Each structure stands twice: as structure tokens, then as C-alpha cells.
1. Given R₀ = 25 Å, FRET efficiency for Thr62-Gln160 by Cβ-Cβ distance, to 0.05?
2. Which of the peptides 174-183, 148-157 is most tightly packed, and how do the rest follow, judged by the mean count of other Cβ atoms within 10 Å per residue?
3. Rank Glu55, Glu69, Glu211, Glu137 by accessible area, highest first, at a 1.4 Å probe radius?
4. DSSP loop chymotrypsin sites (Phe, Trp or Tyr not before Pro) in segment 44-153 with at most 12 other Cβ atoms within 10 Å of their Cβ, which ones?
5. In segment 53-114, what is the volume of the convex hull around the alpha carbon atoms, normalised per residue and reported in Å³?
6. Starting from a Cα-only point model with no solvent, please compute log10 I(q)/I(0) by Debye for segment 97-223 at q = 0.13, 0.20 1/Å.
7. Ordering Val84, Val92 from largest to smallest accessible area (1.4 angstrom probe), what's the sequence?
8. Pop a pseudo-label 7 angstrom from the Cα along the beta-carbon direction at both Asp45 and Ala208 and give the gap in nm to one decimal.
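The values are calculated or read from the model by the stated rules, or taken from the named source; none is laboratory data. Here the structure is a predicted model, which means the values were calculated and not measured. Virtual Cβ from ideal backbone geometry, glycine too; neighbours counted across all protein chains shown. When the accessible area is computed, the model is the full protein with side chains, heavy atoms only, and any ligands, DNA or RNA have been set aside. Shrake-Rupley method; radii C 1.70, N 1.55, O 1.52, S 1.80 Å.
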Amino acid sequence: MLRRLFLILILLVALTGEVLTRYGPVQQAPGATVSRAIRSVSNDDFGRLIQQLSEPGGYFDTDNLISNEASYLHVLGKLRRMGVQQGAYIGVGPDQNFSYIAQIRPQIVYVIDVRRDNLLQHLLFKAIFAGAHNRLEYLSLLFGKPVPAELKAWDSRSLQQLVDFIDKTPSRRDRFDGTKLSVAAHLKGLGLHLSDGDLASIGRIHDAFFEAGLDLRFTSKNR
């Protein structure tokens, strides 16, 4: 089940990662925008917006970080046929928003959720988006895997090729630990008031992806 869920995540985040291929490295938060126009928002403005719109984190006795769920993506065909494009987009929590955003190409996006951990997860994605030049590098940073020497050549590779590379390439702890330091440095530069608990949660969420990357490698070897 874990492998299936994270393969779905790889596939659908790789799909929405077309933003990286088309526009280059994204310097804003996923859920804040995928549009060129919004790049004028400064890090300080972004940090203030997060502070103004976010409620304090509450207590939940279970984790409920929901990834990209294929069953919710059936509406993409309808959106495509209707020609829904640009404008403003408002979504809730889970990552299928990124697939909707990739289809609609809105000018500004707000993704909200009652659980603060969803904000923290999206901040993790934002930091990795900022450091990635294409879809493969994004997935490699997320899972702690080394990138190939000819990274640019992967700009136009198929989703299956991306998944095969991630599935077959061993995760490396040194690579992952370096990315975690970069993520923390990036987030500290956004003017956000993140507590030690927030930073610990972001690290815990990222650790889950690293562990999933190890699992993908193990199951690939033993199929």
C-alpha cells in the first residue's frame, strides 16, 4: 500500500512538474501560484500573507496528510473541455490541487486547510521546487536520490522514464541530508514565523519521503 501511494504521488507530482520544465525553477510556494505574473511577490510579502491567513496549529490525535488521489482527478477532462484557464484558484489541502493548477494555469492560487501540517508539507514542496530545474531533479531532491550528469536531457523525458529512474536509483543519506539543510535555509529566508515544532514537522514529513524512496528501491530489486 505504501509503495502504491507513493508511486501515485511520483506520477502526479511529475505531471504537475511540467511547470518546472516550462517556466524554469519556481521561486514561490506551491499553492501560492504557478504563474509568471505573481513572481513579483517578494519573500517578505509571501511570509506576511501566510501569517495573516493562517490560524494557529491545533491538536489532532492522528496524522491526515493526504497525497494526490487519483479518484479526484476525473474532473480534469471536464475542465479541459470547458477551456477553464487562468483566473484565481482556491483549493483545500491535498496535493491533487497541483494537478488542477497545472491544467488551469491560474494567475494566483490559495490552498487552505484546517491542519497546519498541510501548510508545512506545501512549504517543503515550495522549497524543493525552488531548488529544482526540472521534474527529475525535483523528485530526486524529494527522495534523496542523485541526479544524472546530463540533467538537462531529462526535460523532455516521459513520465514512465522519470518513474523508472526514481524507482531504480538508490537513495543516498548524504544527498538527502544536504537537501534538508537547503530546505531549512530557504524557509528561514521567507520571513515566516516557523516554530521549532514547525521545522521539526517539516523534517519529519521529508523523512517520510526518504524512507519511501528506500522502500521503492528495495521493492524494485525484488520484483
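1. Values: r = 34 Å, r/R0 = 1.38.
Here the calculated transfer efficiency is 0.15.
2. Working: 174-183: 15.8, 148-157: 11.8.
Averaged packing, sorted descending, gives the order 174-183, 148-157.
3. Working: Glu55 140, Glu69 60, Glu211 100, Glu137 25 Å².
The residues order as Glu55, Glu211, Glu69, Glu137, largest area first.
4. On the way: sites: Phe46, Tyr59, Phe60, Tyr72, Tyr89, Phe98, Tyr100, Tyr110, Phe125, Phe129, Tyr138, Phe143; in loops: Tyr59, Phe60.
Qualifying residues, ordered by number: Tyr59, Phe60.
5. 77
6. -0.60, -1.26
7. Working: Val84 50, Val92 90 Å².
Heavy-atom accessible area, descending, gives Val92, Val84.
8. Computed distance between label sites Asp45 and Ala208 equals 3.2 nm.
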